[in-house]
Each structure stands twice: as structure tokens, then as C-alpha cells.
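Colleague: Take a look at this one; I'll ask things after.
No lab work stands behind these numbers, since they all come straight from the coordinates. Keep in mind the model is a prediction, meaning the values are calculated, not measured. Cβ: placed from backbone, ideal geometry, glycine included. Neighbour counts: every protein chain shown.
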Amino acid sequence: QRFLQESLITARLEHPGILPIYNRGINSNEHPFYTMRLVAGGNAKTLHQAIKEYHRVETDFATPPPMLRNLLRRLIDVCNTVAYAHSQGVCHRDLKPANILIGPFGETLVVDWGLAKVFQGTNPCEHESSLGSSPLGVLSSEGVGTRGFGAPESRSGNPIADWPRLDVYSLGAILYCMLTSVVPGEHHL
């Protein structure tokens, strides 16, 4: 069900910071599939890898080094992509450096929409109730997301009325990780 939901939600989000879905269906073994654009022949790296590289290379922090400026530019790209998703009534719920791809030609892509939540508008899935959606999106987050990057309220089990706040918290956690190389509340990358 989550696989189907991911393909439908991702196909609904038409933005340069989100990989497009080209096709979806059922293969000869009766397994669902979907196809997406391959990022520059598979030569993309994750923001997680870029942060580790930055902290391994940069040692002088007197002025913002070019690598840090580049990482911050990537984060701004992610913020713009997430703002678009929110405008379409979708919350990612699992933003973290490993779910952000950096292509060799300047692309910054938010991937892995498998835990996304439609909080406004119409759920693209035909069987909304079986996928745990709500027309108003006022349900708990069921503890989804990655520890250290997920907002505390995503694990509380309490109803969530402001879904975008979950992603905004995650964006702040990503910034913290960029600046310190530490996952909030956890350990070094």
C-alpha cells in the first residue's frame, strides 16, 4: 500500500526538485512497479555523503568555505521543493540528508516519498481509508520518520493539525547536521 501511495503522490508532485514518475503498473510476476528518471546515469550522491565530505575536508571555519555555501544552497533548493509539496497538501515526513540527491549538473532532488502524507485536498489513492489518510489530515504521524530528523510530535501519537511543521523541523535538523556533522540528539555522521 505504501509503495502504491508513494508512486501516486510522487506522480502528483510536478516540480524540478522531485523525480518524475514515468510509468507504473504490475509486472509479469504480479508485483507493482514504477519507473523514474535516472539522475545523470546514476552518478548522483546524497546530501549525507556531501556533508561527510565537507566535514572531512574543511578545517578552517573562520570564513564560510565554498563547500559550506554549496551545501546551504542545496538546503535552500530542498526548502523550495518542500514548500511546493506543502502547497499541494503533501508532507514528506522523512526528510533527512540520505533522502536528498545531488546530481552532477546542479540538481538537488528530494526523494523517497514513501512515508508522505496527504494532509489537504484529495488523496490520489483510490482506497483512502485503507491507506490511513484523512481529508483534513488531523491524525497522528504513527511514529514514522528517521530518529534525529523527525519532529518530537511525530512520535507522540497525538493528533497533528499542522503537518508542514514536521517537515520544517526536519529541515532545521538537516541544517544542524550540516553545521556540526552531528545528527540531533544522536551521534556524528
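Colleague: Tally Lys/Arg at +1 and Asp/Glu at -1 over every other residue whose Cβ is under 10 Å from the Cβ of T46; what's the total?
Modeller: +3
Colleague: Also, quick follow-up: Tell me which residues come under 5 Å, amide H to amide H, from T46 once H is placed; ignore anything under 5 positions away on its chain.
Modeller: Answer set, sorted by chain and number: I102.
Colleague: So for each of 151-161, 2-12 I average, over its residues, the number of other beta carbons within 10 Å; can you give me the resulting order with the highest mean first?
Modeller: Details: 151-161: 14.8, 2-12: 19.4.
Top to bottom by mean Cβ count within 10 Å: 2-12, 151-161.
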